[in-house]
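*Asks:* Got a structure for you, questions after.
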Amino acid sequence: MIKSHSGVDTQQVFRSRDGWEFNKNDLAWRLNKNTTVYLGWVDDLTVDIKSSFLTTLQFYSVHSSAAHARNISERAKYFFKFTGGELNTISLLAYRANLDDSKQHYLGGLKGFFVTWYEQGHPGISEEFFKTLKAWVLKGNEVGRAVLQMDSLKGPLTDIEMQGVLDGVIACYSKSRLLLEQFSLILTLVHTGRRSVQIVALKIKDLLLTEKNGISAYSINFPRAKQRHALWRSTFNTCAIDEDLWLILQLQAVDTVKRLQGLVNFSLSNSLIKEVPLFADFVNLSHGISEKNLLELLQFDYLHAPVKICNTALTRFSEIHCVFSERTGAPLSLSPRRFRSTLGTNVARQGYGVSIVAEVLDHSNVRSAGYYIKSLSDIVARIDKAVAQQLAPLAQAFQGVLVASEKEAVRGGDSSSRVSNGRVNVGTCGNYGFCGALAPIACYTCTHFQPWVDGPHEEVLNELLAGSDRVWGVTKDVKTALANDRLILAVTEVVQRCAQAKRATCDG
């Protein structure tokens with residue numbers, strides 16, 4: 001049973017901008033799939049202030065985004081907690097004096113709300129309060145710090161870290177340790193840099209395939225986010241993707257449709273399938289639902305997965321596979337925001353201007369995109385042998401198992417399992433299935449690779465470093481020259497481990 005407030009007006013039921021009905025008298029307003037505003041705290045306010053606050057917040061809940069309405073409620077909660085429920089000029093001045101510069105945006109978020117409250121004629125705010133607040137110019141929320149500082153915990157990932165994530169995600173999915181949905185979500189975050197709320201808003205019809213002159217082009221028609229006054233899925237921006245991601249998302253679409261078909265008593269039409277969420281939540285779907293009612297539900301976000309599944313997928317990956325940072329030596333802390341800032345940084349690093357960065361990240365203005373341009377001076381240069389020796393133990397890019405000799409390896413008795421550098425053998429492959437990867441280059445970051453202690457791994461390392469130098473000499477392109485950095489660290493780690501094993505043998 002939902003609890004309600006007392007002492008509010010009789011018009012109770014409203015519809016949020018995202019189509020969810022909420023009762024103004026309830027202590028919790030569900031405004032969309034992902035956002036609930038909890039209002040039990042307002043019962044501590046006076047009757048007039050509580051009524052005016054709820055009426056103004058109801059206006060915001062109907063006409064603004066659910067996230068904005070929730071943020072206002074949270075900011076107001078702490079405002080009234082500080083002022084003891086008072087709403088006058090003295091309490092306003094005291095609250096502002098209590099905020100340091102980094103927290104002025106707390107009041108900035110409330111400024112528009114209090115102005116609306118006053119201008120709509122609701123009791124509780126005096127003219128003096130209104131004029132004082134209206135005259136203030138308040139600092140906005142500080143953004144871009146993690147990007148500007150290349151924060152190793154919250155900021156953009158390096159190429160080595162990103163490659164480690166991709167290698168790990170693919171390995172975990174191939175071993176059935178990640179679900180298809182989790183695999184699809186993480187790859188979409190990595191390759192598109194879109195916000196979680198945009199990804200879970202996708203429908204199957206948003207996966208686009210076009211052909212021109214016999215050439216296929218793949219893209220995703222992403223619903224835009226953070227668009228002022230825009231309804232859910234009312235504005236879109238297309239993002240080009242490669243065929244690999246498109247095919248994976250097609251598998252995800254097929255899986256979602258299969259799940260839905262098993263829950264209804266009629267055949268899903270092609271037109272209905274187009275409206276089905278790509279990432280769905282059918283937990284509360286009635287098994288006896290009619291086709292008409294299902295179509296109505298599909299017009300809103302009721303059957304779309306909640307935003308939290310993106311973080312859940314990353315948490316699951318981090319639990320089953322550690323990717324170590326070459327900057328800290330610690331396991332990476334992953335979040336959707338880090339993949340977004342990584343994409344922005346990489347676009348800026350390739351020489352594109354602020355407008356292109358804004359376009360790639362689907363920003364409505366270039367203010368936030370400017371931080372990626374400013375961060376360029378902090379980006380690490382190419383790795384040489386000396387640097388590789390320092391970073392290799394931290395990155396832990398080598399994923400296999402070092403063996404003393406071929407006979408100790410899994411499949412050691414099978415001559416076809418030998419891995420060669422084109423001249424001599426360097427180790428054994430423990431995979432019994434087919435592998436089309438380029439040996440030995442791809443092997444050093446593979447979990448099946450078993451390098452031999454006496455293998456010529458330093459020769460492989462020198463060839464990789466020389467290749468990187470050649471690419472740099474020809475292209476002068478840092479991104480291209482950095483392509484094998486994680487592999488260089490993996491081979492360097494093997495060289496170091498082999499040296500340690502040989503020393504241990506001599507000492508023993």
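Read-outs throughout are calculated quantities, based only on the coordinates presented, and are distinct from any laboratory measurement. Just so it is clear, the model here is predicted, and its values are computed rather than measured. Positions of Cβ are generated from backbone atoms using ideal geometry, with glycine treated the same way; all protein chains shown enter the neighbour counts.
*Asks:* Below 28 Å Cα-Cα, how many Lys pairs turn up in segment 384-507? Only count pairs eight or more apart in sequence, or on different chains, if you could.
*Replies:* Close lysine pairs found across segment 384-507: 4.
*Asks:* If each Cα of segment 59-113 is one equal point scatterer, what is log10 of I(q)/I(0) from the Debye formula at q = 0.17, 0.26, 0.28 Å⁻¹?
*Replies:* Log-scaled intensity ratios, in q order: -0.54, -1.06, -1.16.
*Asks:* Determine the calculated [θ] at 222 nm for the chain from helices alone, applying -39500 (n - 2.57) to every DSSP H run no shorter than 4 residues and normalising by the residue count; nearest 500 deg cm²/dmol.
*Replies:* Value at 222 nm, helices only, nearest 500: -14500 deg cm²/dmol.
*Asks:* Which FRET efficiency value, to the nearest 0.05, is calculated for Ala404 and Tyr432 with the Förster distance at 25 angstrom and r the Cβ-Cβ distance?
*Replies:* 0.70
*Asks:* Long-range amide H contacts for Leu157: which residues qualify at under 5 Å (H placed 1.01 Å from N, peptide plane, sequence gap of 5 or more or a different chain)?
*Replies:* Thr342
*Asks:* Related question: Once you place label points 7 Å from the Cα toward the Cβ at Ser219 and Ile441, how far apart are they in nm?
*Replies:* 3.2 nm
*Asks:* What's log10 of I(q)/I(0) for the chain at q = 0.06, 0.08, 0.12, 0.13 Å⁻¹, Debye sum over Cα points only, no solvent?
*Replies:* Each listed q corresponds, in turn, to -0.40, -0.67, -1.19, -1.29.
*Asks:* Return the subset of Lys77/Lys131; Lys203/Lys226; Lys33/Lys203; Lys24/Lys139; Lys205/Lys292; Lys24/Lys134 for which the Cα-Cα distance in this structure is over 24 Å, preserving the input order.
*Replies:* The pairs that break the limit, which is 24 Å between Cα atoms, are Lys24/Lys139; Lys24/Lys134.
*Asks:* Angle check, please: helix 336-349 long axis (alpha carbons) against the longest principal axis of the chain (alpha carbons), in degrees 0 to 90, nearest 10.
*Replies:* 70 degrees
*Asks:* For Val474 and Val257, what does the FRET efficiency come to when R0 = 60 Å and r is the distance between their Cβ atoms, rounded to the nearest 0.05?
*Replies:* For R0 = 60 Å, the calculated efficiency reads 0.80.
*Asks:* Among 410-423, 214-227, how do they line up by average Cβ neighbours within 10 Å per residue, starting with the highest?
*Replies:* Put in order of decreasing packing, that is 214-227, 410-423.
*Asks:* Okay, moving on. Return the long-range amide H neighbours of Ala280 (sequence gap of 5 or more, or a different chain), with a cut-off of under 5 Å between placed amide H atoms.
*Replies:* HN-HN under 5 Å from Ala280: Ala305.
*Asks:* Can you report the principal axis dimensions of segment 384-507 using only the alpha carbons, biggest first, rounded to whole angstrom?
*Replies:* 45, 39, 24
*Asks:* Set the Förster radius R0 to 25 Å, insert the Cβ-Cβ distance between Lys134 and Tyr38 as r into 1/(1 + (r/R0)^6), and round the FRET efficiency to 0.05.
*Replies:* Given R0 = 25 Å and the Cβ-Cβ separation, E is 0.30.
*Asks:* How would you order 262-274, 33-45, 183-195 from highest to lowest mean count of nearby Cβ atoms within 10 Å?
*Replies:* Going by the mean number of other Cβ atoms within 10 Å, highest first, we get 183-195, 33-45, 262-274.
*Asks:* Whose amide H sits under 5 Å from the amide H of Ala28, counting only residues 5 or more places off or on another chain, with H placed in the peptide plane?
*Replies:* Leu39
*Asks:* From zero up to wherever the largest Cα-Cα distance of segment 149-275 sits, split into 10 Å bins and tell me the percent of pairs in each.
*Replies:* 10, 34, 36, 17, 3, 0
*Asks:* If you consider only alpha-carbon coordinates, what radius of gyration and Dmax does segment 13-135 have, in Å?
*Replies:* In Å, with Rg to one decimal and Dmax whole: 14.0, 40.
*Asks:* Against the longest principal axis of the chain, how steep is helix 47-63, in degrees 0 to 90 to the nearest 10, with axes from Cα atoms?
*Replies:* 50 degrees
*Asks:* In degrees between 0 and 90, to the nearest 10, how far off the longest principal axis of the chain does helix 104-119 point, with axes built from Cα atoms?
*Replies:* Approximately 30 degrees, to the nearest 10.
*Asks:* From the phi of every residue in segment 299-311, what ³J(HN,Hα) in whole Hz does the Karplus formula 6.51 cos²θ - 1.76 cosθ + 1.60 yield, where θ is phi - 60° and glycine or proline is x?
*Replies:* Using θ = phi - 60°, the values come out as 7, 10, 9, 4, 9, 7, 5, x, 4, 5, 5, 5, 5 Hz.
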